[in-house]
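The values are calculated or read from the model by the stated rules, or taken from the named source; none is laboratory data. The structure presented is a predicted model; accordingly, all values stated were derived computationally and were not measured. Positions of Cβ are backbone-derived with ideal geometry, glycine not excepted, and every protein chain shown enters the neighbour counts. Note: areas computed on protein heavy atoms with side chains; ligands, DNA, RNA excluded. Shrake-Rupley method; radii C 1.70, N 1.55, O 1.52, S 1.80 Å.
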Amino acid sequence: MLKLEGLSKTYKTGDPALSDVTLSVPKGQILGLIGPSGAGKSTLIRCINRLVEPTSGKVMLGDVNLVGLSKADLRRQRRRIGMIFQEYALVERLTVMENVLSGRLGYVPFWRSFMRKYPAADIQRAYQLLDRVGLLEKADNRADALSGGQRQRVGIARALAQDPELLLVDEPTASLDPKTSRQIMRLLTEICAERGLPAIVNIHDVPLAQQFMQRIVGLRAGRVVFDGTPDQLTEST
Ligand code: ADP
Ligand code: ADP
């Protein structure tokens, strides 16, 4: 499904941030990326959707190598990848529903009240997603009235609205308290399992990774230093 081949990144300043990373993520697998700050976790995630330009290597999404695509082709391919961020990146002045619908387009339309312009089927689907993440009753609230956990639920629903084939999740719980973090991780992993949706989750918190991830990849100084199950991680430390 997703295959990284010899992926490397050296920023203009400094040592290699990512060195020769090769790994595959099959359909339905939820992979947690762990490692100390500066290990290259964000760089890895950002190289996959090319928010960061890899120095060398391939990012194969199915049969397509995302590295080297033109801007127009990349835009099309990015629709296949759902992103969930630490800081949610919601549009504060829009409603929950509008934020979810914007995931379908991959951008926020500038028209006022764009709800009315959406096909009924999209709106219906967005309601189903909001129901799934437990936020149906907040559909018409503005995003800026939500708690952190609620915001991340909107972030999840928005990423799913585009029907992605892969989810990239960058420190989804870094701004949340421990209890809310576990709720969000549970929701995220259940939804991925229901849909057979593969995910790469950059997760700072090792116990949380061990509790929820099927596979854990450890990075250190840009290299893969561990790749195994949570149980194997416990044995190796
Ligand atoms: P992590 O997510 O594991 O904390 P990062 O991928 O953010 O690690 O960083 C890996 C290395 O790359 C670090 O040494 C960091 O300072 C460096 N780095 C990250 N982003 C940039 C950038 N935009 N420019 C230069 N160096 C960067
Ligand atoms: P993270 O929390 O993901 O490790 P940081 O807080 O280290 O990220 O960095 C925040 C932003 O600064 C990111 O966009 C990252 O790419 C960039 N950055 C990180 N390290 C460097 C660096 N050494 N030089 C330039 N930009 C950097």
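Given R₀ = 22 Å, what would the calculated FRET efficiency be for SER24 paired with GLU194, taking r from the Cβ atoms and rounding to 0.05? Walk me through the intermediate numbers first.
Values: r = 22 Å, r/R0 = 1.00.
For R0 = 22 Å, the calculated efficiency reads 0.50.
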Original post:
Which value, in debye to the nearest 20, describes the size of the charge dipole of region 91-237 about its Cα centre when Lys and Arg Cβ atoms bear +1, Asp and Glu Cβ atoms bear -1, and nothing else is charged?
Top reply: 460
**OP:** Once you have the Cα-Cα distance between ASN141 and ASP73, take 0.36 nm times their residue separation minus that, and quote the gain in nm to one decimal.
**Re:** 20.9 nm
Original post:
For the chain, with every protein chain kept in place, what is the accessible area per residue (1.4 Å probe, Å²)?
Top reply: 48
Subject >> Acute angle (nearest 10 degrees) that the helix 148-161 long axis makes with the longest principal axis of the chain, alpha-carbon atoms >> reply: 90
Original post:
When the helices in the chain are scored as -39500 (n - 2.57) per DSSP H run of 4 or longer and the sum is shared across all residues, what 222 nm value do you end up with, to the nearest 500 deg cm²/dmol?
Top reply: -10500 deg cm²/dmol
Subject >> For the chain: relative contact order, % (alpha-carbon pairs under 8 angstrom, 6 or more apart) >> reply: 30
Subject >> Folded to 0 to 90 degrees: helix 178-195 orientation relative to the chain principal axis, Cα >> reply: 90
**OP:** Take the solvent-accessible surface of the protein heavy atoms, probe 1.4 Å, and return the percent of it on the chain that carbon and sulfur atoms account for.
**Re:** 49
Original post:
Among the lysines in the chain, how many pairs, 8 or more places apart or on different chains, have alpha carbons under 22 Å apart?
Top reply: 16
Original post:
Given a cut-off of under 8 Å on Cα pairs at least six residues apart, what relative contact order in percent is computed for region 39-87?
Top reply: 24
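What does the charge count around THR229 come to, taking other residues whose C-beta lies under 13 Å from its C-beta (Lys +1, Arg +1, Asp -1, Glu -1)?
Numbers: positive: ARG215; negative: ASP227, ASP231, GLU235.
My count for the surroundings of THR229 gives -2.
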Original post:
Among SER70, ASN99, GLY149, whose Cα sits farthest toward the positive end of the charge dipole of the chain (+1 at Cβ of Lys/Arg, -1 at Cβ of Asp/Glu, about the Cα centre)?
Top reply: SER70
